[in-house]
1. Taking amide H atoms as placed 1.01 Å from N in the peptide plane, list the residues 5 or more away in sequence, or in a different chain, whose amide H sits under 5 Å from that of Ala116.
2. For Lys118 and Ser101, calculate 0.36 nm times their separation in residues minus their Cα-Cα distance, and state this gained length in nm to one decimal.
3. Output the pairs from Lys53/Lys80; Lys5/Lys118; Lys35/Lys112 with a Cα-Cα distance over 21 Å in this structure; if there are none, say none.
4. Using the heavy atoms of the protein chains and a 1.4 angstrom probe, tell me the accessible area per residue for segment 32-80 in square angstrom.
Amino acid sequence: MPSEKELLQKELKAINWKEVDEYPSFKDCDKLGNKSQRQQCFFEYLAQLIQEKLSIDTLSILYPELDTIEVKVTIFPNAKMKFEPQFPKDSVAYDTIKIDSILNARLVDFPKVNPAIKRGIPVKTQFILPVIIKVE
C-alpha cells in the first residue's frame with residue numbers, strides 16, 4: 001500500500017500549478033522561504049488537520065474497510081473551504097450522503113487559509129487530497 005506521502009506527491013504532480021502565482025497557504029507556512037516548501041507545508045498541514053478531525057469519528061467504525069478517503073478540497077477567493085468526499089463510481093458499499101455529512105460536520109474551524117493568488121488577485125483552487133483514515 002502506498003504511503004500517505006507517496007499518494008500526496010502523486011496527487012500534487014497531477015495538479016496544474018502553473019495557473020497560480022502563489023499557492024493557498026496557512027500563516028504558519030508563509031514563513032518558509034521558497035514556494036515549493038510553502039506548498040508542501042500547506043498540503044501536509046491540511047492533510048494532517050483533516051486526518052485529526054476525522055480520526056475522532058465513526059468513519060473507521062462505520063466503514064472498517066475504508067482506509068483512505070479522497071477529499072476534494074475547494075478553496076474560494078474569500079478563503080472559505082469546501083470538502084467533498086470522492087468515491088469510485090460503483091461505491092454502493094458506502095453511504096456517500098452519510099460520509100458527506102460526517103465530513104461537513106467535522107471539517108470546520110480550520111485556521112485561516114490564504115487563498116491562491118494569480119496576478120495579485122485571490123483565485124479559487126481545487127484539488128484532491130488523499131486522507132488516511134485508518135491509522136494502525
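1. Residues meeting the amide H criterion: Val123, Thr125.
2. Values: separation 17, 0.36 × 17 = 6.12 nm, distance 3.22 nm.
In short, 2.9 nm is gained.
3. On the way: Lys53/Lys80 17 Å; Lys5/Lys118 27 Å; Lys35/Lys112 19 Å.
Over 21 Å apart, Cα to Cα: Lys5/Lys118.
4. Numbers: 2370 Å² over 49 residues.
Heavy-atom accessible area per residue stands at 48 Å².
The values are calculated or read from the model by the stated rules, or taken from the named source; none is laboratory data. The structure displayed is predicted, hence computed values, not measured ones. To get the accessible areas, we keep the full protein, side chains included, count just its heavy atoms, and leave off ligands, DNA and RNA. Shrake-Rupley method; radii C 1.70, N 1.55, O 1.52, S 1.80 Å.
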